[in-house]
1. Does residue 105 count as within 22 Å of residue 12 (Cα to Cα) and not charged (D, E, K, R)?
2. Keeping to region 45-78, report how many residues are under 22 Å from residue 98 (Cβ atoms) and open to solvent by less than 60 Å² (accessible area, probe 1.4 Å).
3. Yes or no: residue 34 within 21 Å of residue 11 (Cα to Cα), in contact (Cβ under 8 Å) with a residue 12 or more places away in the chain and not hydrophobic (A, V, I, L, M, F, W, C)?
4. Can you find a residue in region 38-53 that is more than 16 Å from the chain's Cα centre (by Cα) and acidic (Asp, Glu)?
5. I'd like to verify a number: residues in region 88-107 that are surrounded by fewer than 13 Cβ atoms within 10 Å (Cβ to Cβ), of a type outside the set (A, V, I, L, M) and assigned to a helix (DSSP H, G or I), how many?
6. Conditions: (1) part of a helix (DSSP H, G or I); (2) over 17 Å from residue 95 (Cα atoms); (3) over 14 Å from the mean Cα position of the chain (by Cα). Residue 61 meets all but one. Number of the miss?
7. For region 74-87, give me each residue that is touching a residue at least 12 places away in the same chain (Cβ under 8 Å) and more than 20 Å from residue 39 (Cβ to Cβ).
Amino acid sequence: MSADGKKLTFVDPEKVANNARVNDTVFQFLSIVSGIVCGILGYTDLKGLGAFFVFNCVIGAAVCAKLKGDVKSHFPSWDKIFVAGASASAGTFILFWTLFYNICHLF
């Protein structure tokens, strides 16, 4: 306890950095899977973009559920789960989405 009565929390920067790397790996892998699913289902335009946001919300919610809602002890803030993961995996999603759409529906 600090002098003003607030409970202090110790956060190890190495473990926070490791959690961020693991989170990025999870989002990358699941973006590959969701891109393949959207490509095979033939989603285009806003339907594919909407599916990207839905998949990222589901992935972020699953990560938060795995943390049992205690995000502050694993990440600096909750937006590091959703925003950082989605922005890092957007290119991967688009790559696999267009690749599998072309394989299944154009060729």
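The values are calculated or read from the model by the stated rules, or taken from the named source; none is laboratory data. Everything quoted here is computed from the prediction, not taken from an experiment. Please note: Cβ atoms are built from the backbone with ideal geometry, for glycine as well, and neighbour counts cover all protein chains shown. Keep in mind that these areas ignore ligands, DNA and RNA; they rest on the heavy atoms of the full protein, side chains included. Shrake-Rupley method; radii C 1.70, N 1.55, O 1.52, S 1.80 Å.
1. Against the criterion (within 22 Å of residue 12 (Cα to Cα) and not charged (D, E, K, R)), residue 105 does not qualify.
2. Going through region 45-78 one residue at a time, the tally reaches 6.
3. no
4. yes
5. Of the residues in region 88-107, the ones surrounded by fewer than 13 Cβ atoms within 10 Å (Cβ to Cβ) are 91, 102-103, 105-107.
When the remaining residues are screened for being of a type outside the set (A, V, I, L, M), the result is 91, 102, 105, 107.
With assigned to a helix (DSSP H, G or I) added as a condition, the list becomes 91, 102, 105.
The number of residues fulfilling the criteria is 3.
6. (3)
7. Of the residues in region 74-87, the ones touching a residue at least 12 places away in the same chain (Cβ under 8 Å) are 74-76, 78, 80-82, 84-86.
Passing the criteria: 74, 75, 76, 78, 80, 81, 82, 84, 85.
For (1) open to solvent by 80 Å² or more (accessible area, probe 1.4 Å); (2) at pLDDT 90 or above; (3) outside any helix (DSSP H, G or I); (4) of a type outside the set (S, T, N, Q), each residue gets a yes or a no:
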| residue | (1), (2), (3), (4) |
| --- | --- |
| 17 | no, no, no, yes |
| 23 | no, no, no, no |
| 35 | no, yes, no, yes |
| 40 | yes, yes, no, yes |
